[in-house]
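A.B. asks: Take a look at this one; I'll ask things after.
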Amino acid sequence: MRFAFFLALAHLRRRPLQTALALLGVGVGVAVLLTALSLTNGFVSGLVRATLKAYPHLVLFSLSEELPPMPQHPEMEAYAPFAATKALLIRPAEGARGPGVDFATLVGLGEGGEALYPGLGLGLEPGGIYLGSALQQSLGAFVGDRLYAMSATQERVELRVLGAFRTGNYLLDSAYAFVDLKTVERLSGIRAQGYQVRLKDPWRAKEIGVALAGTRFFPQAWQDTQRTLLEQLSLQKRVLGILIFLIVAVAALGVANLLVLKVVEKTPEIALLRAMGASRFTVGMVFALEGVFLGIGGVLLGNLLGYLLCLYLSLRPVDLPGELYFLTHLPVEMRLSDFLLVSGASLAATFLSALLPLFRALRVQPGVVLR
């Protein structure tokens with residue numbers, strides 16, 4: 001075993017340029033894959049954060065007409081009774097400005113509602129409304145303007161624009177507005193439908209929802225309502241990972257090519273070693289160890305390059321056009337699980353590529369070569 005170890009190192013040192021290129025090929029492929037996954041993680045997390053700026057982590061719908069008291073849980077940061085309804089928002093024409101009309105979902109929040117969305121800076125009061133930034137632009141409304149909200153039952157309520165919010169998610173910014181709970185009750189006759197809840201860890205919403213619901217509430221976590229978006233992002237990450245992993249596969253073929261050339265070059269030496277009593281196992285271990293060294297070295301180099309590149313991109317993030325994407329810059333989120341998964345897959349690809357030269361070395365017949 002020790003003999004095979006030193007002989008494998010000697011073979012790799014014999015052609016330093018080819019060895020360095022093989023290591024660099026694997027390393028660059030691993031680094032690119034890790035960087036792409038970290039950028040994808042950052043984009044997904046940024047998109048989720050933007051969505052949850054104006055979307056509840058958990059909704060508990062009451063199963064009875066009377067709203068039950070809110071159960072307590074240590075993971076809750078804030079909660080408030082709510083009711084939501086669709087309404088037609090109308091801004092009357094004033095001076096040189098024409099009228100503005102658009103549909104919106106009015107979310108009425110009761111006591112404690114401002115704490116549910118700390119990033120929006122809500123200051124709800126009776127007769128006031130906060131508009132999404134895109135909805136505000138569609139209506140052509142400014143702070144202090146009068147609006148009329150009309151329900152499907154032809155009820156009309158006058159509102160005053162208190163401000164606007166921007167999450168970065170156009171679907172929310174163009175279709176949502178916040179009012180106090182009594183406004184929704186006057187407009188549609190709907191009483192509080194349940195509670196909206198803000199959690200310390202949004203990803204535990206399903207688990208906590210089940211714990212809080214009991215027999216009095218129906219829980220709805222944000223992952224359920226945003227399932228399509230999350231599945232699309234997950235599929236995008238998997239497809240991107242598979243495509244970029246092909247770079248590692250190409251680099252692994254380069255390792256196989258290097259080892260095959262070494263077997264061809266060292267065929268007389270292999271035959272001589274076999275004639276001197278070396279077993280097939282010893283000869284095979286030489287080339288197996290060469291594949292192991294190249295694989296481990298390339299993966300370690302790739303992890304280092306990937307970490308440094310991700311660190312650079314986190315310090316100098318890539319800017320994104322805000323009108324096209326939900327984010328103004330592309331964040332980076334490195335995960336240990338990605339590093340371990342990529343390292344394991346890259347090592348497996350490199351080791352598999354070393355099997356062809358290994359089998360070729362085992363088939364060398366010393367009698368035929370030395371004759």
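A.B. asks: Give, to the nearest whole percent, the P(r) tail of segment 49-116 beyond 21 angstrom, counting all Cα pairs.
C.D. replies: Looking at segment 49-116, the distances longer than 21 Å represent 45 percent of pairs.
A.B. asks: Mind giving me the nanometre distance, one decimal, between the label points for LEU300 and MET150, set 7 Å out from Cα along Cα→Cβ?
C.D. replies: Using points 7 Å along Cα→Cβ, the separation is 7.3 nm.
A.B. asks: Would you list, by chain and number, the aspartates and glutamates whose Cα falls below 18 Å from the Cα of LYS182, excluding same-chain residues fewer than 8 positions away?
C.D. replies: GLU65, GLU66, GLU111, GLU114, GLU125, GLU155, GLU158
A.B. asks: Tell me which chymotrypsin sites (Phe, Trp or Tyr not before Pro) from segment 82-144 have a DSSP coil assignment and no more than 10 other beta carbons within 10 Å of their own.
C.D. replies: Listed in order of number, the matching sites amount to none.
A.B. asks: Along the positive direction of the dipole of segment 110-246 (beta-carbon charges: Lys, Arg +1; Asp, Glu -1; about the Cα centre), which of ILE129, TYR148, TRP203 reaches farthest?
C.D. replies: Selected residue: TRP203.
A.B. asks: Right, another one. If the only charges are +1 at each Lys and Arg Cβ and -1 at each Asp and Glu Cβ, what is the size of the charge dipole of segment 96-200 around the Cα centre, to the nearest 20 debye?
C.D. replies: 80
A.B. asks: Give me the net charge of VAL107's neighbourhood, meaning all other residues with Cβ under 12 Å from the Cβ of VAL107; Lys, Arg count +1, Asp, Glu -1.
C.D. replies: 0
A.B. asks: Considering only Cα-Cα distances, which of the following residue pairs are longer than 22 Å: LYS86/LYS206; LYS53/LYS206; LYS53/LYS86?
C.D. replies: LYS86/LYS206
A.B. asks: Then there is this: Distance from the Cα centre of segment 200-243 to that of segment 113-182, in angstrom?
C.D. replies: Centre-to-centre (Cα) distance: 27 Å.
A.B. asks: Of all alpha-carbon pairs in segment 108-203, indicate the percentage at a distance above 19 angstrom.
C.D. replies: 43
None of the figures in this text is laboratory data; all of them are computed from the coordinates on show. Fair warning: this is a prediction, and the values are worked out from it, not measured in the lab. Ideal geometry is used to build each Cβ from the backbone, glycine not excepted, and the neighbour counts take in all protein chains shown.
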